1. How long are the semi-axes of the equivalent ellipsoid of the range A:377-432, taking √(5λ) for every eigenvalue λ of the Cα gyration tensor, in whole Å from largest down?
2. Give me log10 I(q)/I(0) at q = 0.07 Å⁻¹ for the protein assembly as shown, Debye formula, one equal scatterer per alpha-carbon, no solvent.
3. Please give the average number of partner chain Cβ atoms lying within 10 Å of the Cβ of each residue in A:262-275, rounded to a whole number.
4. If you look at just the Cα atoms of the range A:403-467, how large are its Rg and its Dmax in Å?
5. Taking each residue in A:99-105, count the Cβ atoms of any other chain within 10 Å of its Cβ, then average. What number comes out?
6. Based on Cβ point charges of +1 for Lys and Arg and -1 for Asp and Glu, what charge dipole magnitude is obtained for the protein assembly as shown about its Cα centre, in debye rounded to the nearest 20?
7. Wrap a convex hull around the Cα atoms of the range B:140-211, take a quarter of its surface area, and give that in square nanometres.
8. As a check on your grasp of the helix formula, calculate [θ] at 222 nm for the protein assembly as shown: sum -39500 (n - 2.57) over DSSP H runs of n ≥ 4, divide by the residue count, round to the nearest 500.
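The values are calculated or read from the model by the stated rules, or taken from the named source; none is laboratory data. All of these numbers come straight from a predicted model, not from anything done at the bench. Because the Cβ atoms are built from the backbone with ideal geometry, glycine has one as well, and the counts that use them run over all protein chains shown. Keep in mind that these areas ignore ligands, DNA and RNA; they rest on the heavy atoms of the full protein, side chains included. Shrake-Rupley method; radii C 1.70, N 1.55, O 1.52, S 1.80 Å.
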Amino acid sequence: MTHAVEMHDIVVRFPGVLANDHVNFTLQKGEIHALLGENGAGKSTLMNVLAGLYKQTGGILRVHGKPVSFNSPKDAIAAGIGMVHQHFMLVPTQTVTENILLGLDDPKFFLNLSKYDQKILELQEQFGLRVPPTAKIWQLSVGEQQRVEILKTLYRGANILIMDEPTAVLAPQEIDDLMNTLRAMTEQGKSVIFISHKLHEVTQIADRVTVLRKGKVTAEGIDAAGLTPAKLAQLMVGREVVFSVKKSRREPGDVVLKVENVSAHNKKGVPALRGISLSVRSGEILGIAGVAGNGQSELAEVITGLRPCTGKITVNGVDIANRPPIIAINNGVAHIPEDRGKVGSAPNMSITENTIMKNYRHAPVGNGWSIDFLKARNFARKLKKKYDILAPNVRVPARKLSGGNLQKVILAREISAEPKMMVAVQPTRGLDVGAIESIQTLLLEQREAGAAILLISEELEELFTLSDRIAVIYEGEIMGVVSTEETDIQEIGLMMTGSRREPQPSANAQ
Amino acid sequence: MNLVTILHAGMATGTVLLFATIGEILTERSGILNLGVEGMMLLGAMAGFSASLATGNVWLGVLAAVLAGGALSLAHGLVTIHFQADQVVSGLALTFLGTGLALVFGEGLTGQNPPLLPDLTIPLLGQIPFIGPSFFADFNVLVYVGYLLIPATWYYIYKTRPGMHLRAIGEKPEAADTVGVNVYRLRYLYVFAGGCLAGLAGATITLGVSPGWYSAQTTSGQGWIAIGLVIFAQWDPVRAAVGSYLFGALRRGILDLQGPATLLGFVNPLYINSNWGFFLKMTPYLLTIIALILGARAAKKKRLGAPAALGVPYIRGERGL
């Protein structure tokens, strides 16, 4: 068996961090090899070494049996290695063809794009990756952009393809397309490394699996057949993981949030919400499913008073649309923003300051013009204990916390205000399995306590675990609202691509 | 006042702005904001004038100006690309550094008479009535160089491989880096190119358009207008040309307005009290402000406007961790 890639004893050290600790990894020709691990386990680092972006501190790298040393991505490309990054490396203002030609020596000086458009169309035919060559990147969907990334590597003659979390941004149907493309590629003799932390995908598509934990290999190239998600999770986390938090049965109460015919523009001034109507009842979680960028962020922003809109938004009968965020806060709206590092918290301020951001105006923490920091610190300490926030003390700046602990700080602040309505956007994104568990439990506790929760997530599993009902948003419109018990991933997936509109069940019409 | 005179003078004055603006466009397209244009221009103006005087060869003067502007810009490159310091602060410092150097080394240059750029009339084109005397006759050669620079830069940016790389490193440097484009080296190159063109703009003043060395008054803020024009032009060389010549004509027209006693049959207030002229001198700066406001609005529209990575240092190691 020829090894396409052999990595022996790879060590990568960053200031203060040992990102890869003597890692071994082998890729066979024609296989799909999954590289699994939590955030920060060192997957991307290892692959960036293979792609020539980082230089290893120690260890040997062999490609097709030959020892190699990459000084730049160009060397790796020359060795037939192509990487599709998680955050696409595409220039939005340039065309598909321009992006594919970027960095190549041909054309030499004059571009003559139409000639290359033709070449790229031929390449597209070969692998069934269709995307108009003259389109600008910003005009393309995420799935299409990913195709451009794959074409980029194929055009450079790559026979080893590294896909860094390729499914994170795709709708279920697009994932199926991608899987088919990857299989077609391995059939043509190419090898694929598939980085992921979605366990079921790994068991579905990979031939073999390598698992990393905290920079070390915990399973090297084991056969994917017969592996269970539970076994993989244990290898990733180092302990057994409770998979799904349990949701109790609960009859929802009165309508808390009512969104009626709301439209809004996004940052670029393009319509992002087109006549949205929703309602969430007390003790109910309404999940919003959709591919990223279909209006989810804008929906959260109009409800929390951060974005102007047309239409009516009421919380317990009070209209809060187009009014300052303080009106929403005073009416019991809590917000778990998508960007926890910049919107959800002030990174350079302490845990204390971050926890009192909502209640500093009134007693006991404040009196309107000054803050009693003794009381504030006690308040923060209480929350730190109650929510099990791991930090040496409450003076630590928020930016020093891990994602999971920072999210707990935000949730602690929001929950301590006893919200009637919670808007949670991607609350568990990028967190490890353990933190996901505790954040999800906290949300369910709020549901028990009678809060109405609007949960916006791109993780379908999370939506199915937590939600009572799921609404699917596509290009700023609600494709349909379905009860979680009466639907499945296929149906939601179809609606996410806008291909089907479910009539609103009468039970949900308020 | 005669329209041909204003147009003629406008094209000449506009050439100064054109070089500086196109230079800054190249720099900013690569993702580096260089606010030191005024300093580089003044240093170029001094170096060109002084070298032409010393060597007796105006072309050596032009070369000295280009290299002086370019050399000064590399200081900005070092600070912002290598050390990743704040580009605004560094650019402002560069203005002071360039101005200071120019004034120190320019001492005693006032009143000197070095060889100047030769004037040239284009055969045939120069003979066309109105068009000829306005655009193609009796200009110093650099004006015609400017004419050629506009389409050349446009073609370079949009239709060539290095131009494509230039656009990429200013929009998304990490995308260029991952396919082996050397972001740091190219940014240095375009910072240098911008400096060279700012220096050339300076030489255009002292050796062509308004010969002589008048210390800091030589450039009198034209470098700042060039920075405003970049935004006005939305980083496009053809729009930059329109803006440069328009502003050039305007500067010249304002001077002329202070001349005649009557204007279109009315008493010219500017003639009665020359202090009124100060308000008119404000016009280019007011227009720059308006251009900046309009530019900001245009930039909000989709995908037109500033390179996305403008002003953001590129650090490879910080990605993907």
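1. Semi-axes (√(5λ), whole Å): 18, 16, 8.
2. Log10 I(q)/I(0), no solvent term: -0.68.
3. 1
4. That works out to 10.9, 29 Å for Rg and Dmax.
5. Going residue by residue through A:99-105 and averaging, the value is 6.
6. Its charge dipole is roughly 1360 debye.
7. Mean orientational projected area (the range B:140-211, Cα hull): 5.2 nm².
8. Taking each H run of at least 4 residues, the total per residue is -13500 deg cm²/dmol.
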